[in-house]
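**Student:** Mind having a look at this structure? Questions to follow.
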């Protein structure tokens with residue numbers, strides 16, 4: 001099976017989100033300041049990479065952005081989504 005550009009970019013986007021979440025968790029659990037700062041730097045680089053991938057996908061209309069009002073009501077009601085629910089809500 002061959003994958004197209006859209007599927008590859010979607011996979012990359014999901015991978016960067018997963019990696020960033022794990023860097024974030026590692027930062028929160030780090031006791032050593034030097035390691036913590038390194039993890040923060042790596043996470044920032046991953047976040048920047050994710051933004052570049054997102055921009056490419058958005059420019060090609062491969063990623064739909066919902067208006068802020070549609071998602072704001074969920075958070076205001078106190079029913080925020082966990083990571084699993086957010087993953088299921090992804091448009092791809």
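**Student:** Seen from all sides and averaged, what is the projected area of the convex hull of the Cα atoms in the range 1-63, in nm²? Spell out each step's value before the answer.
**Tutor:** Details: hull surface 18.9 nm².
Average projection, Cα convex hull of the range 1-63: 4.7 nm².
**Student:** How many nm is it between the label spots at residue 24 and residue 5, if each spot is 7 Å from the Cα in line with the beta carbon?
**Tutor:** Simple spin-label model gives 3.0 nm for this pair.
**Student:** Arrange the following residues from fewest to most other Cβ atoms within 10 Å of their Cβ: 46, 7.
**Tutor:** Values: 46 20, 7 13.
Ranked by crowding around the Cβ, least crowded first: 7, 46.
All of the numbers you see were taken from the coordinates with simple rules; none came from a lab. Just so it is clear, the model here is predicted, and its values are computed rather than measured. Backbone-built Cβ (ideal geometry, glycine too); neighbour counts: all protein chains shown.
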